[in-house]
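Take a look at the structure below.
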Amino acid sequence: MYRDSTTGLHMKPLLLILTVALFTATTTAADWPTILGPTRDGVSSEKGIITPWPKTGLKKLWECELGIGFAPPVVVAGKLYEFGRFEDKARATCRDAVTGKVLWKFEYPTTYEDRYGYEPGPRACPVVDGDRVYLYGPEGMLYCLKTEDGKEVWKLDTKAKYQFQQNFFGVGSAPVVDGDLLIVAVGGSDKGMRPVDFRDVKPNGTGFVAFDKKTGVVKYEVGDELASYASPTIAVIDGKKTALYFGRGGLTGFEPETGKIAFRYPWRAKIEESVNAANPAVIGDKILLSECYGPGAVLLEAKAGKLKVLWSDEEKDRSEKSLQCHWNTPIHVDGFVYGSSGRHTEEAELRCVDLKTGDVKWAKKRTTRSTLLLVDGHFVSLSEYGLLSLIKVNSEKYDEVSKYEVSELEYPCWAPPVLSNGIMYVRGKGKLLALELIPQKK
């Protein structure tokens with residue numbers, strides 16, 4: 001047996017090998033190829049961060065103007081890929097990750113309009129796999145491009161093919177690559193006009209679609225589930241490689257190779273205008289779900305294809321719920337979970353929660369809604385108004401090391417921080433900054 005110092009769990013050697021193999025096939029430890037990094041949980045394996053930070057803040061290496069949108073960049077093999085909108089065109093840009101120099105651009109026309117008046121740019125980040133990069137726009141256009149020059153390989157209008165009704169804020173789930181498959185949370189629904197009440201939208205069995213990642217050929221279509229703003233992820237659970245998706249109606253687990261459904265767990269707010277947006281946190285055979293519009297958090301244990309509830313916020317009063325994450329995916333360290341809890345800006349606070357019991361160990365109020373990055377024994381927190389904080393991992397208290405307002409960033413800073421080769425990338429409204437978090441080698 002092997003004890004993982006990060007999770008505190010005992011793992012069989014074969015299971016450990018399987019877990020590592022899931023994330024190292026096409027990337028290095030320093031790459032950040034998809035949402036929340038190589039392990040899709042907001043955790044970086046890099047070491048040597050600057051601590052404490054200079055009073056004036058981290059050194060800015062470069063900055064650039066962005067199109068409108070909310071998607072974080074990704075970084076692979078020294079190249080940074082970002083996705084935004086400029087007037088009536090969605091644009092993917094590839095840059096040198098160290099200098100910010102533009103290497104190529106790719107554009108396609110878009111007419112997407114947000115039903116609630118938010119910026120009509122991309123929500124889902126690019127996904128890089130080997131020599132391909134995948135884009136999934138807010139209107140449902142799915143593109144596969146060459147990383148070398150941005151040339152189109154294949155494309156698909158998923159809205160036209162699968163008839164999904166426009167979700168509240170458009171398409172926002174980044175696809176996931178597994179072997180030769182690109183798995184997309186399409187959330188297909190019945191044809192016809194969008195009903196007045198979104199709760200009346202009916203799924204049509206194409207919740208998840210797996211494409212041949214090289215050709216775009218459909219390999220399977222499964223699942224009666226509508227799309228959310230979480231992204232599908234893959235983990236080893238109960239000894240089996242499992243795809244997880246926290247969709248509109250709750251959690252679905254399925255075999256990524258075949259699409260065979262393993263389990264479902266309903267978890268969503270009763271009110272119409274609600275979304276699930278935080279990815280599930282996976283700790284061994286346990287799965288933590290969290291949302292902020294209704295039921296809050298629940299900890300599940302998966303065994304032999306069945307789910308057991310270990311603790312739940314569902315019956316608690318709103319003021320007593322353990323964790324109500326909006327879009328920030330909570331991060332687990334040594335038996336405790338850390339995350340930004342609260343639906344609205346003014347009520348949001350950073351929390352530490354005992355994973356075993358759901359008890360709140362500490363809460364730092366008035367931090368606004370924030371996203372977290374775990375690196376080198378610390379959390380980097382980016383608030384939606386551009387406050388960067390360095391917080392030491394400590395289950396006993398909120399242990400702040402440094403903080404400063406990033407003057408170049410404007411609300412909303414909703415994209416999580418990205419770290420690759422010591423450079424941290426943070427974005428706000430229309431701007432991306434590259435900051436030195438780990439001293440650069442000369």
Query - Scope region 149-160; condition assigned to a loop (DSSP other than H, G, I, E, B) and surrounded by fewer than 13 Cβ atoms within 10 Å (Cβ to Cβ); matching residues - result: ASP149, LYS151
Requested in this report: Might you let me know whether region 404-420 holds any residue that is surrounded by fewer than 22 Cβ atoms within 10 Å (Cβ to Cβ), among the hydrophobic types (A, V, I, L, M, F, W, C) and closer than 21 Å to ALA363 by Cβ?
Outcome: no
Report task. Could you tell me which residue of region 367-379 is nearest to GLU408 (Cα to Cα), considering only residues that are over 16 Å from the mean Cα position of the chain (by Cα) and not in a loop (DSSP other than H, G, I, E, B)? Result -> PHE379
Query raised in the report: Would a scan of region 402-415 turn up a residue that is closer than 22 Å to VAL43 by Cβ and part of a strand (DSSP E or B)?
Result: yes
Query raised in the report: Looking at region 198-220, is at least one residue more than 19 Å from the chain's Cα centre (by Cα), closer than 24 Å to LEU300 by Cα and either at pLDDT 95 or above or among the polar types (S, T, N, Q) (or both)?
Result: no
Query - Residues of region 102-115 classified as surrounded by 15 or more Cβ atoms within 10 Å (Cβ to Cβ) and either touching a helix residue (DSSP H, G or I) at 6+ places or on another chain (Cβ under 9 Å) or not in a strand (DSSP E or B) (or both), total - result: 3
Report summary line: For GLY207, the lone unmet condition from (1) touching a strand residue (DSSP E or B) at 6+ places or on another chain (Cβ under 9 Å); (2) farther than 30 Å from LYS146 by Cβ; (3) of a type outside the set (Ser, Thr, Tyr); (4) surrounded by 20 or more Cβ atoms within 10 Å (Cβ to Cβ) is (2)
Report summary line: Checked ALA90, ALA97, ALA71 against criteria (buried (at least 22 other Cβ atoms within 10 Å of the Cβ), in contact with a strand residue (DSSP E or B) (Cβ under 8 Å, 6 or more places away or on another chain) and under 19 Å from VAL153 (Cβ atoms)); the one match is ALA90
Query - Neighbours by Cβ (under 7 Å, 6+ apart or cross-chain): first from region 314-338, at positive phi; second at pLDDT below 95 and crowded, with 21+ Cβ neighbours inside 10 Å - result: none
**Report entry** Test result for GLU46, touching a residue at least 40 places away in the same chain (Cβ under 8 Å), touching a Gly at 6+ places or on another chain (Cβ under 8 Å) and not in a loop (DSSP other than H, G, I, E, B)
**Finding:** no
Query raised in the report: If you scan region 174-203, which residues turn out to be within 18 Å of ALA230 (Cα to Cα), without any contact (Cβ under 8 Å) to a residue 60 or more places away in the chain and assigned to a loop (DSSP other than H, G, I, E, B)?
Result: PRO175, VAL186, GLY188
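The values are calculated or read from the model by the stated rules, or taken from the named source; none is laboratory data. Because the structure is predicted, anything quoted here is derived from the model rather than measured. When we count neighbours, we look across all protein chains shown, and the Cβ atoms used for this are built from the backbone with ideal geometry, even at glycine.
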